[in-house]
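*Asks:* Have a look at this one.
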Amino acid sequence: MFRIKTAKLLFLLAISFSLPSLALAQQPITLKEALKYALDNNTAAKKAVLEIDKGKYKTQEVRAQALPQLTGNVGLTYNAIIGQLVADIGGQTQSFRMGQAWNSVAGVQLSQQLFNQQVFTGLQAARSSEAYYRLNAQLTQEQVIEQVANNYYQVLVNRQQLNVIDTNIKNVKVVEKIISNQFQNGLAKKIDVDRINVNLTNLTTQREQVVNAITQQENVLKFSMGMPINTNITLPSSELTDVDQNPVLADTINLDNRTEMKLMDVQRKLLDLQRKAYVSEYYPTLSLNANYNYNSQSNSFDFLKSNRNAIGFDASAIGLTLRVPIFNGFLTRSKIRQADVEIKQFEADRFERTNSLNMAYENAKIQLRNSLNTINAQKKNADLAREIYVSTQNNYNNGLASLTDLLDTENSLTQAQNSYTQALLNYKIAEIQLIKSKGEITTLAK
C-alpha cells in the first residue's frame, strides 16, 4: 500500500512540474514574448555571447606577453666517450679529460619585456577586440529580433488568409445547399451545381495549401526562436491588426545609435592599431633576462650530487638584451603601405554603409506611408466588397442575380480581403525597418 501511494505521489508531482510548460505552450505568445524567448535560446545569439568571453580570454593571452616569463629545466646527460683537452706543459704534450661521465643540471630562467611597442600595441588591440565582440553580439541580437519579428507577422498573415478562406467556404456551402435544393426541385440547372462544386473544390484545395504554408512558416518561426519544432504555439491576431495611423517620421536620423556604425568605429580603431603595430617594428626592444642553474658531475650515476664523489656547483647570470632593427628588406614599409590601403578601403565602406542606412530609413518611411494608405483603402474596399457580396447573394436568392454575378463578387471579396491582409504585413515589415533604422529595434523585446 505504501508503494502504491508513493507511486501516485511521484506521478502527481511529475504532472505538476510539467503543467507550467504545457500551459505556456498553449497560451498565445505575443511578439514581445517570442523575441525574449529567441534572445535566450537562438543559437546565433548564444554563440555571439560566447564570443564576448572569447574576447576576454584573447586579451589575457596578449597581456601574458607583457608579464614575466618563468621556465624551469632539468637535464641528465651520460657522456659515453669523454673528450680530452691537449695542452703543452713545460715542453711536454699532455691531455686532460673534459668533464665526467654523468652530468646533471637543474635551473630556472626569467625573462621580462621592458620595452616592446608591438606587445603594448597588441594589448590595446585586444582590449578593442573585446568591445568589438560585445557590439557584434548586440548586432546579432538585433538581427535575431528582426528575423523573428518578420517570421512572426508572416505566420499571422497566413492565418488571416486561412480565416478568409474558411469564411468563403462557409458562404459557398450555403449557396451550394440552396442550388442543390433548387436543382432537385427543377429550379436550377445541373451546370450551376457543377460550377458551385468546382468553386468549392478550389477553395478546399487553397485551404490545404494555406494550412501547409502555415505549418512551414510556424516551423521557420520556431527555428529562428530556438524553440523545439514539435512545440505547439498560438499567436494573437491582434498583433497584426494593431496599426499606428499617425507615426512620427523624422526627416533625418542619428546614425550614432546604430550598432553597425559603432561596430565600424571599433573596426577603424583596430585598423589604426594594426598599422601602429607595423610601425612598431622599427622600434628597438629591451628585455631583462636572468637564470640560475645547479650542475652536478660524477663518474658514476648521479643526479644533483646524490653521492659523495659527485662535484656540484651553481651558476647565475642577469643581463639586458637590446634588439635594434636595422634593415629587413623594406618588409615593414610594405606592411605599413598595405595597412594604409586597408584604411582607405574601410573609409569607402563606411561611406557606403552610411548611405545604405540613410537609404533604408527613407525607404522605410515611404513604405510605411504607402502601407498606411493601402491599409485604409483596402479596408474600405474589403467592406464594400462584403456589402456587394451580401447584396448579390440576396438578389441571387430572390432570382434577381445570376450565379456568375455571385461567384464574381465572391472572388472580388476574397481578393479584397487578401489585399488588406498583405497591406498589414507590408506595414509591419516597414515598421520593423523604421525602428531598426533609428537604432531602437531592441525596444520590441522590452
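The values are calculated or read from the model by the stated rules, or taken from the named source; none is laboratory data. Note that the structure is a prediction, hence the values are computed from the model and not measured. Here Cβ is always computed from backbone atoms with ideal geometry, including for glycine, and neighbour counts include all displayed protein chains. All accessible areas refer to the heavy atoms of the entire protein, side chains included, with ligands and DNA or RNA removed. Shrake-Rupley method; radii C 1.70, N 1.55, O 1.52, S 1.80 Å.
*Asks:* Among the candidates GLU431, GLU410, which residue alone is assigned to a helix (DSSP H, G or I) and open to solvent by less than 10 Å² (accessible area, probe 1.4 Å)? Quick ask: steps written out before the conclusion?
*Replies:* On the way: GLU431 fails: open to solvent by less than 10 Å² (accessible area, probe 1.4 Å).
Criteria check complete, one pass: GLU410.
*Asks:* Moving on. Please tell me if ALA101 is farther than 26 Å from ILE229 by Cα, free of Cβ contacts under 8 Å to residues at least 12 places away in the same chain and of a type in the set (Gly, Ala, Ser).
*Replies:* When the stated conditions are applied, ALA101 does not pass them.
*Asks:* Are any residues in the stretch 390-400 surrounded by 15 or more Cβ atoms within 10 Å (Cβ to Cβ) and in contact (Cβ under 8 Å) with a residue 40 or more places away in the chain, and if so, which ones?
*Replies:* Result: GLN393, TYR396.
*Asks:* Please determine, by comparing only the residues of the stretch 371-389 that are surrounded by fewer than 16 Cβ atoms within 10 Å (Cβ to Cβ) and of a type in the set (S, T, N, Q), which one is nearest to the chain's Cα centre (by Cα).
*Replies:* Per the criteria, the residue is ASN373.
*Asks:* Something else about it: Of the conditions (1) without any contact (Cβ under 8 Å) to a residue 60 or more places away in the chain; (2) open to solvent by less than 50 Å² (accessible area, probe 1.4 Å); (3) among the acidic types (Asp, Glu), GLU146 satisfies every one except a single condition; which number is it?
*Replies:* All conditions pass for GLU146, except number (1).
*Asks:* Might you let me know whether the stretch 43-52 holds any residue that is open to solvent by less than 70 Å² (accessible area, probe 1.4 Å), charged (D, E, K, R) and more than 30 Å from PHE301 (Cβ to Cβ)?
*Replies:* Within the stretch 43-52, one or more residues are open to solvent by less than 70 Å² (accessible area, probe 1.4 Å), charged (D, E, K, R) and more than 30 Å from PHE301 (Cβ to Cβ).
*Asks:* Any residue in the stretch 193-218 that is within 17 Å of ASN411 (Cβ to Cβ) sitting within a Cβ distance under 9 Å of a residue that is among the basic types (Lys, Arg)? List the pairs, counting only those 6 or more apart or interchain.
*Replies:* What qualifies is LEU200/LYS173; VAL210/ARG159.
*Asks:* Here is a list: ARG127, ARG159. Which entry is closer than 26 Å to TYR278 by Cα and either out of contact with any Asp or Glu (no Cβ under 8 Å at 6 or more places or on another chain) or touching a residue at least 60 places away in the same chain (Cβ under 8 Å) (or both)?
*Replies:* ARG127
*Asks:* Being among the acidic types (Asp, Glu) and either under 28 Å from the mean Cα position of the chain (by Cα) or surrounded by 10 or more Cβ atoms within 10 Å (Cβ to Cβ) (or both) is the filter here, so list the residues in the stretch 214-256 that pass it.
*Replies:* The answer is GLU218, GLU239, ASP242, ASP244, ASP256.
*Asks:* Have a look at THR421, THR443 and point out the one that is open to solvent by 10 Å² or more (accessible area, probe 1.4 Å) and of a type outside the set (D, E, K, R).
*Replies:* Just a single option satisfies the conditions, and that option is THR443.
*Asks:* Hey, can you tell me all the residues within the stretch 71-106 that are of a type in the set (A, V, I, L, M, F, W, C) and surrounded by 14 or more Cβ atoms within 10 Å (Cβ to Cβ)?
*Replies:* LEU76, ALA101, TRP102, VAL105, ALA106
*Asks:* List the number of the failed condition for GLN109; all other conditions in (1) open to solvent by 50 Å² or more (accessible area, probe 1.4 Å); (2) at pLDDT below 95; (3) part of a strand (DSSP E or B); (4) closer than 30 Å to ILE318 by Cα hold.
*Replies:* (2) is the only condition that GLN109 fails.
*Asks:* Please work out which residue is surrounded by the most Cβ atoms within 10 Å (Cβ to Cβ), limiting yourself to the stretch 316-370 and to residues that are among the aromatic types (Phe, Trp, Tyr) and outside any loop (DSSP other than H, G, I, E, B).
*Replies:* The first filter runs over the stretch 316-370 and keeps only residues among the aromatic types (Phe, Trp, Tyr), leaving 327, 330, 346, 351, 361.
Add one more test, that the residue is outside any loop (DSSP other than H, G, I, E, B), and what stays is 346, 351, 361.
Details: PHE346: 16, PHE351: 10, TYR361: 22.
Residue satisfying both the conditions and the ranking: TYR361.
*Asks:* Additional query: Checking the structure you have, find out if any residue of the stretch 291-305 is surrounded by 14 or more Cβ atoms within 10 Å (Cβ to Cβ), hydroxyl-bearing (Ser, Thr, Tyr), out of contact with any Asp or Glu (no Cβ under 6 Å at 6 or more places or on another chain) and assigned to a helix (DSSP H, G or I).
*Replies:* Checked against the condition, which is being surrounded by 14 or more Cβ atoms within 10 Å (Cβ to Cβ), hydroxyl-bearing (Ser, Thr, Tyr), out of contact with any Asp or Glu (no Cβ under 6 Å at 6 or more places or on another chain) and assigned to a helix (DSSP H, G or I), the stretch 291-305 yields no hits at all.
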